[in-house]
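Undergrad: The following block contains the structure, expressed as structure tokens.
We did not get these values from a lab; they are worked out from the coordinates using the rules stated. What you see is a predicted model, and the numbers here were worked out from it, not measured in a lab. Ideal geometry is used to build each Cβ from the backbone, glycine not excepted, and the neighbour counts take in all protein chains shown.
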Amino acid sequence: MDSYIESVYNAVVEKDPTQKEFHQAVREVLESLEPAIQKHPKFKEFAILERIVEPERVIQFRVPWKDKDGRIQVNRGFRVEFNSALGPYKGGLRFHRTVNLGILKFLGFEQIFKNSLTGLPMGGGKGGSDFDPHGKTDAEVEAFCTSFMLELNRHIGQFTDVPAGDIGVGGREIGYLYGAYRKIKNVHGTCVLTGKGAGWGGSLIRPEATGYGVVYFVQEMLKTKGEKIKGKTVAISGSGNVAQHATEKCIQLGAKVVTLSDSNGNIYDPNGIDAEKLAWVKELKNVRRGRIKEYAEHFGVEYSTESNPWVYGTQIALPCATQNELDGKEAQALVDGGVIAVGEGANMPCTPDAVEIFQNAGVLFAPGKAANAGGVAVSGLEMAQNSMRYFWTREEVDRKLHEIMVGIHKTAYETAEKYGKPGDYVMGANIAGFLKVANAMIDMGYLS
Ligand code: NDP
């Protein structure tokens, strides 16, 4: 790292020494920005790096709620409003027991560049809580969401900050959150949350968008090598929103998905997960809220708590669960098994040494901020539709999503080439996302 960039990174670590995931995300971005910082001295002159690593605002609040036995529980709520140079803060809410400020700062930081890459007018933010929806009743989730919104409503708005879902926040939670917002504010129709139900302001294809988008991006990477997704075997981790819809698009395009997982273990289905089996998984995960182990019992396939989805010799890997889920050892197993393309459906699922192994082995590697941008892109389209008081058809939204993913691929590919590292999508995505935000910050003066 060049000494100026290193000094910015060191200051980040010194200020918040315990925020490991945030350091990791900042380091990955700063390292790859080096050629852009050297080429354009104005970014140093205007202290863009020093400003961009500091959130504009961090909100932390208490979320008391009553459980099914009438006991009062207390969780911690957060919203990190990271950067609004390009538009209102935009980014999901995560409900998971591991949530803390460092994780939300990493996610919010990534979101700035991801949103910039979509080409839509959205800034970056992220929020959530250490509340764990696993095993909670619907009434408990409703009580929590209502209490969470009692505070969050003061900070969000269609021109200010527009949250969406993430891990642990799906259609059910967005429904309760929006219901509470509507009661508190007595408004309906302004786009204050995305991922809403299609019957009351949501966009068609929003639930599918992240998973479909990852596969569209991988398709584009494969094209650069004269390859197709059809006929390839695919390993996918997770079994939530992103994993389910990545699986769905792979099936539609003629690929064979052989793994899914959750935080307890993974299944391996050598015959492939077809549309019927996927419908069963959706029911299991989204309605019955069960464990992926039940798939193995139901369909008579292998289930492992010791193994992982990356050891089955697949040609494509799509980590779609959580950060740092795929390490160097697992990356090596994928390379040894003949993987040709890896697309990050989750945010930062591959550790830095895993990324290095893929890149050194010539594997096509799509970083999350480019590959999983389809979700926030369709959230942007949901905002546009709400503003117009109008809805596009499934086909129209899917076509726009596809166009956006093709556009992000082209931008990342061409930027990597321009800055001297052809094929390095990490560098291409980071520099392209950064340039737009940095130039906007300069245009708007040093206070922005
Ligand atoms: P869901 O909550 O729908 O699903 C998450 C899945 O990942 C579940 O199968 C969950 O298993 C598994 N998982 C969570 N934590 C762990 C862990 N520590 N170890 C192993 N498995 C784990 O979330 P999403 O599908 O929405 O999100 C998945 C990833 O995609 C996240 O990184 C998110 O930030 C990213 N993303 C999501 C977008 C969206 O539109 N939803 C947009 C862009 C990125 P279990 O049930 O056992 O917890």
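Undergrad: How do Val58, Val215, Val335, Val26 rank when sorted from fewest to most other Cβ atoms within 10 Å of their own Cβ?
TA: Placing the least packed residue first, the sequence is Val58, Val335, Val26, Val215.
Undergrad: If you count, for each residue, the other Cβ atoms within 10 Å and average over each peptide, how do 45-54, 165-174 line up from highest to lowest?
TA: Highest-to-lowest ranking by the protection proxy: 165-174, 45-54.
Undergrad: Rounded, prolate or oblate: which one fits segment 259-411, using the alpha carbon gyration tensor with axes a ≥ b ≥ c (rounded when a/c is under 1.5, else prolate when a/b beats b/c, else oblate)?
TA: Here segment 259-411 falls in the oblate category.
Undergrad: Placing +1 at every Lys and Arg Cβ and -1 at every Asp and Glu Cβ, with all other atoms neutral, what dipole size does the chain have around its Cα centre, in debye to the nearest 20?
TA: Here the chain has a charge dipole of around 1280 debye.
Undergrad: Which of Arg291, Arg94, Arg399, Arg62 comes first, and how do the rest follow, when ranked by fewest Cβ neighbours within 10 Å?
TA: Arg62, Arg399, Arg291, Arg94
Undergrad: Go ahead and set up a Gaussian network model of the chain, Cα springs under 10 Å, then flag whichever of Glu14, Glu31, Glu56 fluctuates most.
TA: Evaluated over the chain, the most mobile residue of the options is Glu14.
Undergrad: Where the eigenvalues come from the Cα gyration tensor of the chain, what are the semi-axes √(5λ) of the equivalent ellipsoid, largest first, in whole Å?
TA: Equivalent ellipsoid of the chain: 30, 29, 21 Å, largest first.
Undergrad: Ranked from highest to lowest mean number of other Cβ atoms within 10 Å per residue, what is the order of the peptides 428-436, 15-23?
TA: Highest to lowest by the protection proxy: 428-436, 15-23.
Undergrad: Can you give the charge dipole size of segment 363-448 about its Cα centre, rounded to the nearest 20 debye, using +1 on the beta carbon of Lys and Arg and -1 on the beta carbon of Asp and Glu?
TA: I would put it at about 60 debye.
Undergrad: Treat the count of other C-beta atoms within 10 Å as a stand-in for reagent exposure and order Ile5, Ile273 from fewest to most.
TA: So the ranking, lowest neighbour count to highest, is Ile5, Ile273.
Undergrad: Spelling out what I want: for every residue of segment 103-108, take phi, set θ = phi - 60°, compute 6.51 cos²θ - 1.76 cosθ + 1.60 (Karplus), and round to whole Hz; glycine and proline get x.
TA: With the stated coefficients, segment 103-108 comes to 5, 6, 5, 4, 5, x Hz.
Undergrad: With charges only on Cβ, +1 for K and R and -1 for D and E, what is the dipole size of segment 141-270 about its Cα centre, in debye, rounded to 20?
TA: Here segment 141-270 has a charge dipole of around 380 debye.
Undergrad: How high is the relative contact order of segment 335-413, given as a whole-number percent (alpha carbon pairs under 8 Å, six or more residues apart)?
TA: Worked out over segment 335-413, it gives 29 percent.
Undergrad: In the chain, what percentage of the DSSP-assigned beta bridges are antiparallel, given to the nearest 5?
TA: Given both bridge residues lie in the chain, the antiparallel proportion sits at roughly 55 percent.
Undergrad: Using every alpha carbon pair in segment 12-66, what percent of pairs falls into each 5 Å bin from 0 up to the bin containing the largest distance?
TA: Per 5 Å bin, starting at zero, the Cα-Cα P(r) for segment 12-66 comes out as 4, 14, 21, 21, 15, 11, 5, 4, 3, 2, 1, 0 percent.
Undergrad: Please compute the contact order of the chain in relative form: average sequence separation of alpha-carbon pairs under 8 Å and at least six residues apart, divided by the residue count, as a percent.
TA: Rounded, it is 15 percent for the chain.
Undergrad: Hey, with R₀ at 41 Å, roughly what FRET efficiency would Glu294 and Gln60 work out to, going by the Cβ-Cβ distance, to 0.05?
TA: E(calc), rounded to 0.05, equals 0.65.
Undergrad: Work from the charge dipole of segment 144-263 (Cβ charges, +1 for Lys and Arg, -1 for Asp and Glu, about the Cα centre) and give the residue of Ser261, Met221, Ala164 farthest towards its positive end.
TA: Of Ser261, Met221, Ala164, it is Met221.
Undergrad: Give me, ordered by chain and number, the residues 5 or more places off Ala164 or on other chains with an amide H under 5 Å from its own placed amide H.
TA: Sorted by chain and number, the residues that satisfy this are Gly91, Gly92, Leu93, Thr194.
Undergrad: Anyone know which of Thr98, Thr160, Thr247 comes out most mobile in the 10 Å Cα GNM of the chain?
TA: With Cα springs under 10 Å in the chain, the top fluctuation among Thr98, Thr160, Thr247 is at Thr98.
Undergrad: Of the candidates Asn241, Asn271, Asn186, which one comes out as most mobile in a Gaussian network treatment of the chain with C-alpha springs shorter than 10 Å?
TA: Between Asn241, Asn271, Asn186, it is Asn186 that shows the largest mean-square fluctuation.
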